[in-house]
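The values are calculated or read from the model by the stated rules, or taken from the named source; none is laboratory data. Values in this document were obtained by computation on a predicted structure and should not be read as measured data. Neighbour counts run over all protein chains shown; Cβ positions are idealised from the backbone, glycine included.
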Amino acid sequence: MKSKRHKIKTYEHRGISIREVRDGYFMADYMRDGKRERVCFNSLPDAERHCEDIAAKIHTEGTSALALTAEQRADAVKALREANGKTTLHAAVAFWMRHYGVADGVTVAEIGQRWLAALKAQGCRPTTLVERSHKVARLSADFGERSVASLTRDDLTDWLSSKNLTGMTWDGYRRAYCAMFQFAVKEKVVEYNAAAAISHLTMDEKMPTPLSVDATAAILATAAKYAPIMVPTLAVQFFAGLRPGEAMGLLWTDIDFKQKILRVRPEISKVRRARIIENLKPNLIEWLRPYRKTSGPIGIQTPSQFNFYMFRKPIGEPYVQEGIAKAERPKDERPKGIAKAAGVAWIADGPRKSFASAHFATNGDAGKLAGVLGHTSGVDILYRHYRGLMTKADARRYWNIQPASKSGSIIKVNFKKAAG
């Protein structure tokens, strides 16, 4: 015998069906935006109130759509068709506005300066800060006024290519911008790191280029004669392998002349680790001895000072102008900077590369060289890079570069006067 089927009572309110699925339990059943919606209530009045709200919303949405022009409605239909259910029209517009339509968004120049300020606050080394500032300035020169959120991987890749950056230089820029964009992600300025997707360049390995023995001698001789405050700073780079930032932070108390030991303190080390360089070369001692003090910095202390003496300071005999009318004064033809006066094409970090080449030629031990340099990467990199860059004969000449003081003709200097 078939069971008697319960007849469901059905009501209608504002065009919406309400079914009493069981005693005291009511379900509003309707279609909305192409989807069926069912909502249950414990009383008929509650279900009717819900139907009132839904009817009002449907009416409002319908009249809002009618407010659009025919072209706007057609554009919306086309956009939804192209989205093909993968996103909503609102989400697509929101994405576009975040990346391209925010006129008052954070610009590339602004995020660059905020990043540099954060690096400085974190205690970033001055030399590293100068290098990062240079890269930010180059990017800002072309994209400074553009919203940082609008830059894509392709924008950055095309820009790097337009600057003819290759190999390690390309990778250096890529790593710097990757860090800058990661800072922007952290600051919630952008949603993703566009620079992180830039591809590495696969190229033949580029060997380091050291300064030659003759170039080293010329640089030091010129500095001793015309910019003596630079001599100790250059000497510890050429003959102890210090990085520029380490040399500029070195104190006389870090050098033990009796034990022939040089200590690199953590606060001046690029990798923030102390190291000791033992058995200082005799020629380094000779270059340092005439300038030795009981305390204080050994020479210059900032990259701007280094650049002034190396590239901008007029080098040569004093340019006498007193007693000569301005219109009759001859043009100052003195070369600008130690490098130009010495006839040397300067190489970035050239002294350290020259030291590493000579050290490997003398000892043939990449592990020992890594310890002296404070090199934290694989020893095999030093082996590949510096093996064969300098002959043993040239290394002997390199360690024999001596100051004029050996013959008693070095000029004694007043450091305060020299710095001026």
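Residues that are under 15 Å from Lys57 (Cα atoms) and either out of contact with any helix residue (DSSP H, G or I) (no Cβ under 6 Å at 6 or more places or on another chain) or of a type outside the set (A, V, I, L, M, F, W, C) (or both) within the stretch 14-33 comprise Arg14, Gly15, Tyr30, Met31, Arg32, Asp33, listed in sequence order. Considering the stretch 118-133, the residues that are assigned to a loop (DSSP other than H, G, I, E, B) and under 17 Å from Gln182 (Cβ atoms) include one that is nearest to the chain's Cα centre (by Cα), namely Cys124. Here Val148 passes the criteria (1) surrounded by fewer than 15 Cβ atoms within 10 Å (Cβ to Cβ); (2) modelled with pLDDT of 85 or more; (3) closer than 15 Å to Gly105 by Cβ except the one numbered (1). The residues on offer are Leu220, Leu211, and the sole one that is surrounded by 22 or more Cβ atoms within 10 Å (Cβ to Cβ) and outside any helix (DSSP H, G or I) is Leu211. From the list Ser295, Ser304, the one residue that fits, being among the polar types (S, T, N, Q) and in contact (Cβ under 8 Å) with a residue 40 or more places away in the chain, is Ser295. The single condition from (1) under 30 Å from Pro318 (Cα atoms); (2) at pLDDT below 75 that Pro335 fails is (2).
Ala361 fulfils the conditions (1) under 19 Å from Trp399 (Cα atoms); (2) in contact (Cβ under 8 Å) with a residue 40 or more places away in the chain; (3) crowded, with 20+ Cβ neighbours inside 10 Å except for a single criterion, (2). Restricting the stretch 346-359 to residues that are over 15 Å from Val213 (Cβ atoms) and among the hydrophobic types (A, V, I, L, M, F, W, C) leaves a set whose member that is farthest from the chain's Cα centre (by Cα) is Trp346. With the structure loaded, tell me whether Leu262 is in contact with a helix residue (DSSP H, G or I) (Cβ under 8 Å, 6 or more places away or on another chain), among the hydrophobic types (A, V, I, L, M, F, W, C), surrounded by 15 or more Cβ atoms within 10 Å (Cβ to Cβ) and without any contact (Cβ under 8 Å) to a residue 40 or more places away in the chain or whether it fails that test. Judged against the criteria, Leu262 is a match. If the condition is being crowded, with 19+ Cβ neighbours inside 10 Å and of a type in the set (Phe, Trp, Tyr), then the stretch 184-197 contributes no residue at all. Do we find that Ser295 is over 17 Å from Ala227 (Cα atoms) and surrounded by 15 or more Cβ atoms within 10 Å (Cβ to Cβ) in this structure? It is false that Ser295 is over 17 Å from Ala227 (Cα atoms) and surrounded by 15 or more Cβ atoms within 10 Å (Cβ to Cβ). Inside the stretch 296-320, residues that are small (Gly, Ala, Ser) and within 12 Å of Ile338 (Cβ to Cβ) make up a count of 1.
In this structure, Ala345 qualifies as over 22 Å from Pro232 (Cβ atoms), assigned by TED's automatic domain parsing to the domain that holds Ala217 and not hydroxyl-bearing (Ser, Thr, Tyr). Just so you know, in the stretch 304-333 the residues that are touching a helix residue (DSSP H, G or I) at 6+ places or on another chain (Cβ under 8 Å) and in a loop (DSSP other than H, G, I, E, B) include one that is surrounded by the fewest Cβ atoms within 10 Å (Cβ to Cβ), and it is Gly316. Here's a check for you: in the stretch 266-286, which residue that is surrounded by fewer than 19 Cβ atoms within 10 Å (Cβ to Cβ) and not charged (D, E, K, R) is farthest from the chain's Cα centre (by Cα)? So, considering only residues that are surrounded by fewer than 19 Cβ atoms within 10 Å (Cβ to Cβ) and not charged (D, E, K, R), the one farthest from the chain's Cα centre (by Cα) is Pro282. Of the residues making up the stretch 350-373, those that are modelled with pLDDT of 80 or more, among the hydrophobic types (A, V, I, L, M, F, W, C) and closer than 25 Å to Phe306 by Cα are Phe355, Ala356, Ala358.
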